[in-house]
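Participant: Pasting a structure below so you can have a look.
The values are calculated or read from the model by the stated rules, or taken from the named source; none is laboratory data. All values reported here derive from a predicted model rather than from experimental measurement. Every residue, glycine among them, receives a Cβ derived from its backbone with ideal geometry; neighbour counts consider all protein chains shown.
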Amino acid sequence: MRMIDGSDRTAWTIDVGGLSRGDLIERLDAHGIHRNPLAEALLVDAIFDDAAHETVTVVERSVADLGFPDGATLPRVLDAAARHDLALCPAVTAPYLRLATLDQATAPDRILSTGRAPSGSLQVASPVLRADHDYPKGFYLRVIDGVPWLRGYRCDDEHVLSPDDRFAFRARACGPNS
């Protein structure tokens, strides 16, 4: 992983894919990364069967950074991200980003689920794997009491995200030297 220097925003270049599901889970376990049942459900999805290796630049943005000082729904956030030349990360990105960002700051509270994004969390913007509302929508990263977590989450398209909620997006290539 290579961290990219950028004003007040964070970006990483990481390798995603290329590991078998078993090897990926072994690495998560070896680094003491805890997972909730929703993350476990996502990790057994077929998308992790043969994920091809690729290098991805991931950038972090808040809902407010994308033009929503009062918050917005996920579809509005994703539309705005596209207008800012940001894309969804490959569906397998979150576990690899979790491994690459073990130094993420510890969350200021221990609350795990309140119907909103937990404090200190970084939601990985990636394709939804199933249209089923009961199936997890994606992953987020969080550190609680020094313990790194890879957590799955569910939400509907009506849920209003806070302006402070943070997302990891894929940076689009801008040209031959990007």
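Participant: How do the pairs read when you match residues in segment 33-62 that are in contact (Cβ under 8 Å) with a residue 40 or more places away in the chain and assigned to a strand (DSSP E or B) with residues anywhere that are surrounded by fewer than 20 Cβ atoms within 10 Å (Cβ to Cβ) and of a type in the set (Asp, Glu), using Cβ under 8 Å and keeping only pairs 6 or more apart or on different chains?
Facilitator: Between residues of segment 33-62 that are in contact (Cβ under 8 Å) with a residue 40 or more places away in the chain and assigned to a strand (DSSP E or B) and residues that are surrounded by fewer than 20 Cβ atoms within 10 Å (Cβ to Cβ) and of a type in the set (Asp, Glu), the close pairs are Thr55/Asp15; Val56/Asp15; Ser62/Asp164.
Participant: Restricting segment 117-174 to residues that are hydroxyl-bearing (Ser, Thr, Tyr) and part of a strand (DSSP E or B), which is modelled with the highest pLDDT? Talk me through it step by step, then tell me what you get.
Facilitator: As a first pass, look at segment 117-174 and keep what is hydroxyl-bearing (Ser, Thr, Tyr): 119, 121, 126, 135, 140, 153, 162.
So of that shortlist, the ones also part of a strand (DSSP E or B) come out as 140, 153.
Details: Tyr140: 95, Tyr153: 92.
Among them, the one singled out is Tyr140.
Participant: Next question, about the same structure. In segment 67-104, which residues are among the hydrophobic types (A, V, I, L, M, F, W, C), out of contact with any Phe, Trp or Tyr (no Cβ under 8 Å at 6 or more places or on another chain) and touching a residue at least 40 places away in the same chain (Cβ under 8 Å)? Full working, then the answer.
Facilitator: Residues of segment 67-104 among the hydrophobic types (A, V, I, L, M, F, W, C): 68, 72, 74, 77-78, 80-82, 86-89, 91-92, 94, 97, 99-100, 102.
Okay, now just the ones that are also out of contact with any Phe, Trp or Tyr (no Cβ under 8 Å at 6 or more places or on another chain), so 68, 72, 74, 78, 82, 91, 99, 102.
Phe68, Ala72, Leu74, Leu78, Ala91, Leu99, Leu102 - these are the residues of segment 67-104 that are among the hydrophobic types (A, V, I, L, M, F, W, C), out of contact with any Phe, Trp or Tyr (no Cβ under 8 Å at 6 or more places or on another chain) and touching a residue at least 40 places away in the same chain (Cβ under 8 Å).
Participant: Which ones in segment 129-167 are over 13 Å from the mean Cα position of the chain (by Cα) and aromatic (Phe, Trp, Tyr)?
Facilitator: Once the filter is applied, which keeps residues that are over 13 Å from the mean Cα position of the chain (by Cα) and aromatic (Phe, Trp, Tyr), segment 129-167 yields only Tyr135.
Participant: Considering each residue of segment 83-98, count those that are surrounded by fewer than 21 Cβ atoms within 10 Å (Cβ to Cβ) and assigned to a helix (DSSP H, G or I), and give that number.
Facilitator: Looking only at segment 83-98, we keep the residues that are surrounded by fewer than 21 Cβ atoms within 10 Å (Cβ to Cβ), and these are 83-85, 87-88, 90-91.
Remaining after also requiring assigned to a helix (DSSP H, G or I): 83.
Here the count works out to 1.
Participant: Is one or more of the residues making up segment 72-82 under 15 Å from the mean Cα position of the chain (by Cα), within 17 Å of Asn36 (Cα to Cα) and crowded, with 19+ Cβ neighbours inside 10 Å?
Facilitator: The initial filter retains those residues of segment 72-82 that are under 15 Å from the mean Cα position of the chain (by Cα), namely 74, 77-78, 81.
With within 17 Å of Asn36 (Cα to Cα) added as a condition, the list becomes none.
No.
Participant: Another question, then. Restricting attention to segment 64-81, which residues are of a type outside the set (Gly, Ala, Ser) and in a helix (DSSP H, G or I)? Let's see the steps before the verdict.
Facilitator: Our first condition is that a residue be of a type outside the set (Gly, Ala, Ser); within segment 64-81, this holds for 65-66, 68-70, 73-79.
Scanning segment 64-81 gives Leu74, Pro75, Arg76, Val77, Leu78, Asp79.
Participant: Now a separate question. Among (1) buried (at least 21 other Cβ atoms within 10 Å of the Cβ); (2) among the basic types (Lys, Arg); (3) more than 23 Å from Thr13 (Cα to Cα), there is one condition Arg154 misses while meeting the rest; what is its number?
Facilitator: Of the numbered conditions (1) buried (at least 21 other Cβ atoms within 10 Å of the Cβ); (2) among the basic types (Lys, Arg); (3) more than 23 Å from Thr13 (Cα to Cα), the odd one out for Arg154 is (1).
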